[in-house]
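Let me begin by presenting the structure, written as structure tokens, before commenting on it.
Read-outs: derived from the displayed coordinates by stated rules, not from any lab. Just so it is clear, the model here is predicted, and its values are computed rather than measured. Counting neighbours? That spans all protein chains shown, and the Cβs are built from the backbone with ideal geometry, glycine included.
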């Protein structure tokens, strides 16, 4: 997975998080601390600022993801910062390992491996599973859909669009669930009827990845994708 694609995704992710900041915060206000959109926007804005300043090397996808994860950890407090930060770092490490081992994995396979590593990191740190009304309810279906679409011979960009749809469906499927993890779990049955904000933001990030993979943008356009860098 090239540094060019990861760069494009990070900038696209920052733009979509900024666009949906208020919605994510509203979702979190219903069953959590009410700061998920604010925190996500802060973290990805910090990544974009570092990218624009040249503080992050962009020649390889793995190290770029690791640096992005560290930036999230350093700027976002609470569970979302720890979970997303660790997820990006683990995904980046996995991609670096693939490259170091000389495994010339196809794009969809490399993304799948990175997604598996990210999902495992989130599950381990959050001690959560599918059905607990967390971001895993979006990420695990995306992972499975990406694998199935790839095995069916679909091109990487198309397979990622399928994965994004699965992530969105998985996020919506959290609405009737009882939250078992995080602050939302304190509500018990009262958490039913609400979309999990972590699953919603995860679905947004997978959709941004699908759009980045199919964008065909030139590297010079990447830092203009989604607008100017926010401080």
**OP:** May I ask you to derive the FRET efficiency for residue 186 and residue 148 from their Cβ-Cβ distance with R0 = 30 Å, giving the value to the nearest 0.05?
**Re:** 0.25
Original post:
In a GNM of the chain with a 10 Å cut-off on Cα contacts, which of 79, 184, 55 has the highest mean-square fluctuation?
Top reply: 55
**OP:** On a 0 to 90° scale, report how tilted helix 78-100 is relative to the longest principal axis of the chain, with both axes built from alpha carbons and the result rounded to the nearest 10.
**Re:** 30
Original post:
Relative to the longest principal axis of the chain, what angle (0 to 90°, nearest 10) does the C-alpha long axis of helix 136-151 take?
Top reply: 40
**OP:** Treat the count of other C-beta atoms within 10 Å as a stand-in for reagent exposure and order 98, 146 from fewest to most.
**Re:** 98, 146
Original post:
Exposure proxy check: 2, 100, 191 ranked by fewest other beta carbons within 10 Å?
Top reply: 100, 2, 191
**OP:** For a footprinting-style exposure proxy, rank 134, 174 by other Cβ within 10 Å, fewest first.
**Re:** 174, 134
Original post:
Top mean-square fluctuation among 189, 168, 26, Gaussian network model of the chain, C-alpha springs under 10 Å?
Top reply: 189
Original post:
Mind listing P(r) for the chain? All alpha-carbon pairs, 5 Å bins, whole percents.
Top reply: 1, 8, 15, 20, 22, 17, 10, 5, 2, 0, 0
Original post:
Pairing the Cα long axis of helix 21-31 with the longest principal axis of the chain, what angle in degrees results, from 0 to 90 and rounded to the nearest 10?
Top reply: 30
**OP:** Quick one: grab the alpha carbon gyration tensor of the range 56-158, order the square roots of its eigenvalues as a ≥ b ≥ c, and give me rounded if a/c is under 1.5, else prolate or oblate depending on whether a/b is larger than b/c.
**Re:** oblate
Original post:
How much mean residue ellipticity at 222 nm does the chain get from its helices, if each DSSP H run of length 4 or more adds -39500 (n - 2.57) and you divide by all residues, to the nearest 500 deg cm²/dmol?
Top reply: -22500 deg cm²/dmol
Original post:
Taking the chain as a Gaussian network, Cα atoms linked when under 10 Å apart, which of 200, 138, 148 shows the biggest mean-square fluctuation?
Top reply: 148
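Report the gain in length on full extension from residue 53 to residue 100: 0.36 nm times residue separation, minus Cα-Cα distance, nm rounded to one decimal.
Full-extension gain reported as 14.1 nm.
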